Structures are given as structure tokens and as C-alpha cells.
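What follows is a short report on a single structure.
The values are calculated or read from the model by the stated rules, or taken from the named source; none is laboratory data. Please read all numbers here as calculations on a predicted model, not as lab measurements. Counting neighbours? That spans all protein chains shown, and the Cβs are built from the backbone with ideal geometry, glycine included. Keep in mind that these areas ignore ligands, DNA and RNA; they rest on the heavy atoms of the full protein, side chains included. Shrake-Rupley method; radii C 1.70, N 1.55, O 1.52, S 1.80 Å.
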Amino acid sequence: MNKLVRGLGWGIGIALAVIATAMLGIILFVDPNDFKDDITQAVKDATGRELVLTGDIELSVFPWLGLTLGTARLSNAPGFDAEDFARVASVDIRVKLLPLLKQRVEMKTLQLHGLQVNLSRARDGRSNWDDLLAAPDPASSAVHGGVSPLAALAIGGVNIEDAQIHWDDRQAGQRIDVEKFNLRTGAIAPRLPIDIRLSTQLSVSEPALQTPVTMQAQLTLDPESQRYRLEGLDLSLNLHSELLPVSPLAVGLTADAEADLAPQAQPMLKVTALQLRTLGVTANGTMQLQQDAVMSQAKGELSVATFSPRELLKALGIAPPETADAGVLDKASAKLAFVGSPQALAVNGLELLLDDSKLTGSLQVKDFSRPAISFDVALDGIDADRYLPPATDAPPPSPSAAVVASTQLPLELLRELDVKGDLRVNKLVISRAHISDIVYGITAKGGQIRLSPAQANLYQGRYSGNIALDVRKDTPVLSADEKLSEVHVGPLLKDMLGDDKASGTASLMAKVSANGLTPEAILQSLNGTASFQLADGAVKGVNLGQLIREAYARIKGKPAPPKTTNVTDFAAMSGSVDIRNGVLHNQDLQAKSPLLRIAGRGKVDLPRQKIDYLLNTSIVETDQGQAGEDLSELKGLTIPVKITGSFDQPKFALDLQPIIKARAEEKLKRQKARLEEKADKKLDEKKDELKKKAEDALKDKLKRLF
């Protein structure tokens, strides 16, 4: 045994001596520059490219097998503009010699200085590296047993200085330039973290964009199991582009990532601790990408930390809108979970917060080429008036002017909609009206859009409707079947107009249709029917009884009666409406009050905002109610009241002829009574005189007789 050990020792010693002698001989007697022509010819034979070595080649052997290369250039493929495919100012590669005997590669830091690579794609799709790519050699894979050669690679690091990479894509019309590229890494070895630091200047032609890039991270490679991990990624950009709302735009990204590309499993990329920062907004999330035999899929979660939309607009160089409440647009946040593929996206757990409002729900989009959207969202409450422009002293534009200034319906967009969903709003304030429990079922497909059901509660009453818009033809058609039940009009008008000009409990039913591209055209083509009822109501601004009393006092030549409340009370009011081309025609208005009975007929022109209406007001047989005792002489009399003018300034005018006629008839009646009384008195006097004469004559006859 001892002889065997001594023999092995001598053998190893002799072998090492031979190797050392050989390496010394290579260093002393072999000049690598003598092989330049052989190297360039070999490259020419293998690729058809010209390799030009203008610098000296320096060779070292032990303990590192080293190669130092001066300036080198590799020619471009035929048909491409750039003269060189690649060039380098200097390369320093050193490989440890003894590990090579064990099929392991241990390198010192790989040094590349002044590297320039020109990548191109022609308009016909050819690339200038196609000829450099060769199919993998199955025999080589067999030798390695299917294990990547990187599994046996260890490098002391990579140091690339002042590199340039240019990508000229003539097919896509885009150019990308990577300049001042500097990369420095720590030691590179399988399954050990590798420190990476990178900086460069990136320019893109389409869209035009430039940015410096800095990045640092730790990269762990496991080529044998094909698992890779990126930890502590910290990427910073400073984007310059006229297309951006603000330039430069600073963007920061941090994340951890892990990839499993083993062929026996589904390839997977997992990103955690993802954070994106820009313009004072911070988004956090996680994401997992997975590829199966059919398709790739991404799923994850995303949240946006609370930020100020108003400050974000300022950062974007956009003046925040002036709002009635200067405190809105102060805070917002979001979070959601998603599952997506190249064809579809599903968003669940959606939660959007804006100031005091929260929107929750889900959203799905199928087939991005022709998106089919479905959703189910709920809003807890919002005061929309807070976000409107503040009130001004300037008069608002007239409704007709606002209609004329409106834009046409976007027909092509509406025709392409494929939407189905439900929207619920717990509380809504709009135009100062308070509405609750709103439900909208929304469907849109094939140019037909429908809101059904459409429901809401308002002012102790209920709204329900079925609204449809058909845009299949050049002229869209709108139809609606709506109903209001038991709505308290007074509080509604008080909130909306600041004055409860009418009160009572109102119910309304309407079936209408219209067609046109603009709101003006729709209003002018409005047709349909409606009916209404108002119970226990009143109309402010006019007191029909007072108007009649004042007119009657003038006719009688008496002082005007004392002013009373400028209100007309109604126990009940009802009627039906025939709508023709935007004009409302009514012939059967009926209203009852303690003093009056009213029958009305006329029309209301919606497009022109005009009123032409007649109220036939009758004094009821009672001396009760709104100062009814003053009108006792007009019981049973019907007095016309004409209403004309605009919606904003209606005018009321009484037709005094019935009162004048009634007054004249009353005078005639009294004169007749007086004349009849006088005639009766004279007749009685004549009768008395004749009677007396007869009595006197009778007395004379009796005297003569007796």
C-alpha cells in the first residue's frame, strides 16, 4: 500500500511538472498574435463575417488562462446599413486553469470596454443576426446530460464600461438606442446571490422618449433546476417626452421576482413586494405569471395608497377644476385583485375611494379584440354637487342655448358597446335633490342600449323606469316608460330650487319616444302620452282667489281687499297629456280647492320654453275657504285665467268680462227690483185711493137712502 501511495505521489508530481513545463513553454515560445489570421479565417468560414483584430492579443496561462484582446470588429450582415455588427475597444478574460480539468469554468472579472452592438431588422423581417444563430447540437446536449453549461460556470464578476447597443427596426419604424451602458456585478456562481449595478441612457424614437436608467438588485441563478430569483430590485427612470403630461417624469420601481422555468413544470414568474412611485402616487402589488399548454395567465393584487387627486393634477401641470366645495378631490385610494390573459381580464374585490365615497364591486372584460364588459358595482353615496363648478352671479344659460351647444351622440362608439352590468347607489345628491336606493341594470349590445330596471327612492316616493336607446340606424331612437309614485313635491322643489313653489303628493306616468342626434333634436321630436295626479297640493306665486277678489273690488269701485298668502290650495289635481313634437297638449285638467273648481286646457312648448294655457275658474257654492266670503256674490261664476310667457317668468291674466257681466246683471237685477217695488207701492196707493173713493161713494149713497 505504501508503495502504491508513493507511486501515485510520484506520478502526480511528474504530471504537474510536465504541465508546468508546457505552460512555461507556451508563455515563452508562443505568440498568440501569430494566430490572428487563423482566427479571422475561422470566423469567416463559420459566419461569412469579417473579424478585424487591430489590437494585440496577450495571453497568460497560470494560474489563470487569460486573454487580453485589443480593438476588434465584426462586420455586419449584407444588406444592412451599419458597417459593423459589433466592436469592442478591449476585452480581458481570465479562466482558472485547474478547474477546467474537472469541466468547471472559474473566471475572474470579465472586462469589456467600449462595446458597441448594432442590431437591425429590415422591412422584410430579416435580422442582422439570423446567420449567427445555429440550431442546437443534439450530441452536445447528450454530452452534458441535458444540463446547461452555466451550471458549471463561476465568474468573479462582469464589468462592462461605456457600451452602446442600437436597435434599428425598419419593419416597425422604431429605433432604440442604449448608450453609456455600464454594468458591474459581483461574483457570479450558481445558487449564490449576485450583486448587480447598472446605469445607462435610453432613447426611443417611437414614441419619442429619453430617460436615464439606474438599477441595482441581487440575482440568484440556478441553471440546473432552471430557477432564478431577483431580490431588492430598485429601478429609477427620469422620462423625457413631449407625449407625457409632465416632462421630466420621475418613476421609481422596486420589487422581488422569482422564475421557475423547469420544462417538467408550467413556467412561472412571481413578482412580490412590487412598488411603483411617481408624482406622489405609490402603487403596491403582487403578480404571478404562469404559462400552460394553452395560454399564459397573470393574477395578482394591486393597491394605490391614499393620495391627493388635486395635488396629482398640479404635478401634471393641470389646473385642478374649480369646485363648489374646495375640499373635494383631496384624497383617493384603490385596491383590487385581478386575473388576466392576453384575451381577457377579471377584476374582483374592487374598492375605489374618493373623498367620502366608496365604490366596490367587480369587472370582467372578455375578448380584447371586441371587448365584452360585465360589471357589478355599488357606490355607498356621493354628493355630486360638491364637484360641480361654484355658483356665480352670472345668469345660467337658457335651456335652449345649452341644448344648442351640446354635442352629437357618439354613434360608432355606442354601436360597438357590449356591456352588461348592475350599478347601485345607496345615496346620491344631484342638483341638491336627495335620491336613495338607486338601481340601474345596464345592457348594451348590437347598437341597442337599455336601462332596465331603473329604480330609485326620492322624497317619500318611488321612481321606476325602462329606458332604451336604439342607435342601429343613422338617426337614434330614444324611448322611455317611466313612473313616479307618491313623491312629495314641496321638499323636492325646496331642495332643487330653494323655493317650494308647489307642494303636495304627486304621481306621474309617461310613455314617450324621440329620435335625433342631439338633445335639441330629441326634444323637438318628443312624442307620447302622460298622466298626473296631485293630492293635497298648493301652488305658490299665485292666489287665484285673491286675483278674483282684487278684480271684483276694482269693478265695484271699492278698495282692494287685504293681501293674503300668495298660494292657491288644491285638494286634488289631475290630467292627461298628449305630447306631439315636443309640445305638451292638455285638455282635461281638473283641480279642486275649498273655494274654487278649475278646469284647464292648453299647451306647453318644451323646445321654446313657452306656456299658452287657460284655466276656467269657478266659484263654488260655499262661503268658506280662501276668503270665500268676499266672493259670495260670484257663486257659480266661471272666470277664465290666462297663463302665458316663459317657464322662468309666467304671466297670469284674468278675463274680467264674466265679472263685469255678472256685475251688470246684478245692477239690472237690483234696479228691476227697485222699480218693481216702486210700481207695487204706487199700485198699492192707487188701490187704497180707489178703495177709499169707493167707500166714500158707498157712504154717500147710504146717507141718501136712509
Contacts under 9 angstrom Cβ, first residue in the stretch 560-587 being over 16 Å from Ser507 (Cβ atoms) and assigned to a strand (DSSP E or B), partner open to solvent by less than 40 Å² (accessible area, probe 1.4 Å) and among the charged types (D, E, K, R), 6 or more apart: Val583/Asp605; Leu584/Asp605
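Looking at the stretch 123-141, which of its residues are at pLDDT 50 or above and either among the acidic types (Asp, Glu) or surrounded by fewer than 12 Cβ atoms within 10 Å (Cβ to Cβ) (or both)? Reasoning before the result, please.
Restricting attention to the stretch 123-141, the residues satisfying the condition of being at pLDDT 50 or above are 123-134, 137.
Scanning the stretch 123-141 gives Arg123, Asp124, Gly125, Asp130, Asp131, Leu133, Ala134, Asp137.
Take the residues in the stretch 175-194 that are farther than 24 Å from Val88 by Cβ and open to solvent by 50 Å² or more (accessible area, probe 1.4 Å), then tell me which one is modelled with the highest pLDDT. Write out each step before concluding.
Within the stretch 175-194, the subset farther than 24 Å from Val88 by Cβ is 189-193.
After this cut, where a residue has to be open to solvent by 50 Å² or more (accessible area, probe 1.4 Å) as well, the list is 191-193.
Working: Arg191: 88, Leu192: 90, Pro193: 93.
So, considering only residues that are farther than 24 Å from Val88 by Cβ and open to solvent by 50 Å² or more (accessible area, probe 1.4 Å), the one modelled with the highest pLDDT is Pro193.
Among the listed residues Asp578, Asp588, Asp569, which satisfies the condition of being surrounded by 14 or more Cβ atoms within 10 Å (Cβ to Cβ), more than 42 Å from the chain's Cα centre (by Cα) and of a type in the set (D, E, K, R)?
Working: Asp578 fails: more than 42 Å from the chain's Cα centre (by Cα); Asp588 fails: surrounded by 14 or more Cβ atoms within 10 Å (Cβ to Cβ).
Answer to the check: Asp569.
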Of all residues in the stretch 304-343, count the ones that are farther than 30 Å from Leu388 by Cβ and either in a loop (DSSP other than H, G, I, E, B) or open to solvent by 30 Å² or more (accessible area, probe 1.4 Å) (or both). 6
If we only count strands (runs of 3 or more DSSP E) wholly inside the stretch 447-492, which ones have 2 or more residues that are of a type in the set (D, E, K, R)? 461-470, 477-488
For the stretch 475-511, which residues satisfy the criterion of being under 30 Å from Pro410 (Cβ atoms), surrounded by fewer than 16 Cβ atoms within 10 Å (Cβ to Cβ) and at pLDDT 90 or above? Thr475, Lys483
Under 6 Å between Cβ atoms, which residue pairs at least 6 apart in sequence (or on different chains) link something in the stretch 355-383 that is in a loop (DSSP other than H, G, I, E, B) with a partner that is among the polar types (S, T, N, Q) and modelled with pLDDT of 95 or more? Asp380/Asn426; Gly381/Asn426
In the stretch 608-656, the residues that are open to solvent by 70 Å² or more (accessible area, probe 1.4 Å), modelled with pLDDT of 80 or more and either touching a Gly at 6+ places or on another chain (Cβ under 9 Å) or part of a strand (DSSP E or B) (or both): Arg608, Lys610, Lys642, Lys651, Phe652
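Residues that are among the charged types (D, E, K, R) and either open to solvent by less than 40 Å² (accessible area, probe 1.4 Å) or touching a residue at least 24 places away in the same chain (Cβ under 8 Å) (or both): find the strands (runs of 3 or more DSSP E) completely inside the stretch 202-292 holding 1 or more of those.
209-222, 227-239, 249-260, 268-278
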